[in-house]
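These notes are about the structure you will find just below.
The values are calculated or read from the model by the stated rules, or taken from the named source; none is laboratory data. Given the structure is predicted, the values throughout are model-derived calculations rather than measurements. Ideal geometry is used to build each Cβ from the backbone, glycine not excepted, and the neighbour counts take in all protein chains shown.
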Amino acid sequence: MTSNPKADMDLQHVRALVISCLDNAGVSRVKVLPGPKVEGAFTNGCGVSVSVGVLLAADDHVTRSSQIDPIVGDLRGMPDRSAVAVVDKASGLAWAPADLVDLHGVPYPTCPRTALKRVAAEWAAAGLEASVGFELEFTVFSGSPEAPVLAHGGPGYGAAAFLQLEAWNLEVLTALVDAGVPVEQIHPEYGQGQIEIALAARNPVQAVDDYLLARFIVSRVSRRHGLQVSYSPIADSRTATNGCHIHFSARNTDGNLFSDAAAATRMGPAGGSMIAGVLGKLAESVALLGGSALSLARLRPQQWAGSFICWGTGNREAAIRFVPGLKGYEDQQSNVEVKCCDGSANQYLAVAAILAAALDGFKRQLKLPAEVTVDPGTLNEAERERLDIRAFAPDMFTALDDLEGSSLLRTALGHELLEAYVAVRRGEAERFAKLDRDAVIDALRWRY
Ligand code: GLU
Ligand code: MG
């Protein structure tokens, strides 16, 4: 028996193990092993080509980076035994996230899960513990992949929207709970066909593993109901955009750095330094927080997507929203939400970027800039300039240049990973720039 509570089934009853690697395009690539191969997979992994692990783009184009040749060489995907989950006990279907290693078993420099482990270890070395939680927004469709129909007609957050998909909602919740995903809630979102699932905060790597597993389960349950799900930032131009907001908090031996009832900002100075760190690096991180050809188009004002580089307490139009906890629960609940993130990201890298920037701000004791207490989209340019509210890059090429020039992120992720990521995303940006917006939406709808 495994000691992992998510896999409350003897692994010898597993009939198929889905081994999942999230790649630089934000696509979950899988290898599926039969029952007799499962036990061995935890020691010798499964075969993964360099291109599948590192250099495939969302349109399956095989990219090249300055340092890595996708044609020559092999990797192993090493499933993490402590993260195995039973997706369906009756049919014997299990799932596990994997690390990428070379043929000597050494972590491969472009492994995103390993990169996040490294950043989490830097937090630990600084006496800090990070908690990370995801909000997954996605669009549910009926009809066919070629002629998709929005699966509920709203109203936003409405009971009627829930009832239109009641059986699906219940099965999604049950399947998530049964697989050990710490689901907090599900609700119809603002847009037609749109749903949101919130996951409880936990350690960074586990949080991303759970996010990936949740996506897999939601897609699987949906197919059984004749529905299909899109996690694309713009799944359909007729409805609201899909974010994937990332929440984080930090603790040391004194408690939550984002909770200080006596402070005017309601957070401690170290928490303020972390927000300042993330804010200062947001322009160079945004290509990691959602690197698809649609990600920047999602960051429009008045969509609650966080389209301005600023922070504010409870401010849904700021890219960074400080979320103080309920009175009496401030230490458990207070956290920071980064809103300019979406489901096309590699979330191991997105979280690594946020946590690396927060730690940098903490170490440098950066001063928290003034918060923005209004919708920045209602201010004119001169007012925004006075308040140092900045816009994101006008296009993904610029955002990728900013990422490439980031010494913080280059150090945090390593040269090979940064170069491979930029190569994949630049290739996507170039190819999709030749299509009109609707064609890009169609091309990316079912990829994530
Ligand atoms: N759908 C919005 C987005 O694209 C977010 C709405 C919300 O605040 O939940 O990020
Ligand atoms: Mg939402």
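Of a type in the set (A, V, I, L, M), under 29 Å from Thr373 (Cα atoms) and at pLDDT 95 or above: does that describe Ile275? For Ile275, the condition - of a type in the set (A, V, I, L, M), under 29 Å from Thr373 (Cα atoms) and at pLDDT 95 or above - is met. Within the stretch 187-217, the set of residues being assigned to a strand (DSSP E or B) and either more than 16 Å from ligand 1 (Cβ to nearest atom) or aromatic (Phe, Trp, Tyr) (or both) comprises Arg202 only.
Counting only residues that are exposed (fewer than 15 other Cβ atoms within 10 Å of the Cβ), part of a helix (DSSP H, G or I) and touching a residue at least 40 places away in the same chain (Cβ under 8 Å), the stretch 372-410 holds 1 of them.
Look at (1) in contact with a Lys or Arg (Cβ under 7 Å, 6 or more places away or on another chain); (2) touching a residue at least 24 places away in the same chain (Cβ under 8 Å) and you find that Leu418 fails only one, number (2). State whether the residues of the stretch 17-24 include one that is of a type outside the set (S, T, N, Q), at pLDDT 95 or above, under 19 Å from the mean Cα position of the chain (by Cα) and over 23 Å from Gly427 (Cα atoms). For the stretch 17-24, residues of a type outside the set (S, T, N, Q), at pLDDT 95 or above, under 19 Å from the mean Cα position of the chain (by Cα) and over 23 Å from Gly427 (Cα atoms): present.
Among all residues of the stretch 327-337, there is at least one that is under 30 Å from Leu444 (Cα atoms) and not β-branched (Val, Ile, Thr).
Every residue, every condition in (1) in a helix (DSSP H, G or I); (2) within 16 Å of ligand 2 (Cβ to nearest atom), yes or no:
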position: Ser219; (1), (2): yes, no
position: Ser222; (1), (2): yes, no
position: Pro233; (1), (2): no, yes
position: Ala240; (1), (2): no, yes
position: Cys244; (1), (2): no, yes
position: Phe258; (1), (2): no, no
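In the stretch 48-63, the residues that are under 19 Å from Cys111 (Cβ atoms) and touching a residue at least 24 places away in the same chain (Cβ under 8 Å) reach residues that are charged (D, E, K, R) and surrounded by 23 or more Cβ atoms within 10 Å (Cβ to Cβ) with C-beta atoms within less than 7 angstrom, at least six apart or across chains, in these pairs: Gly53/Asp23; Val54/Asp23; Leu56/Asp23; Ala57/Glu428. Within the stretch 68-107, the set of residues being over 26 Å from the mean Cα position of the chain (by Cα) and either of a type in the set (Gly, Ala, Ser) or assigned to a loop (DSSP other than H, G, I, E, B) (or both) comprises Asp69, Ile71, Val72, Gly73, Lys89, Ala90, Ser91, Gly92, Leu103, His104, Gly105.
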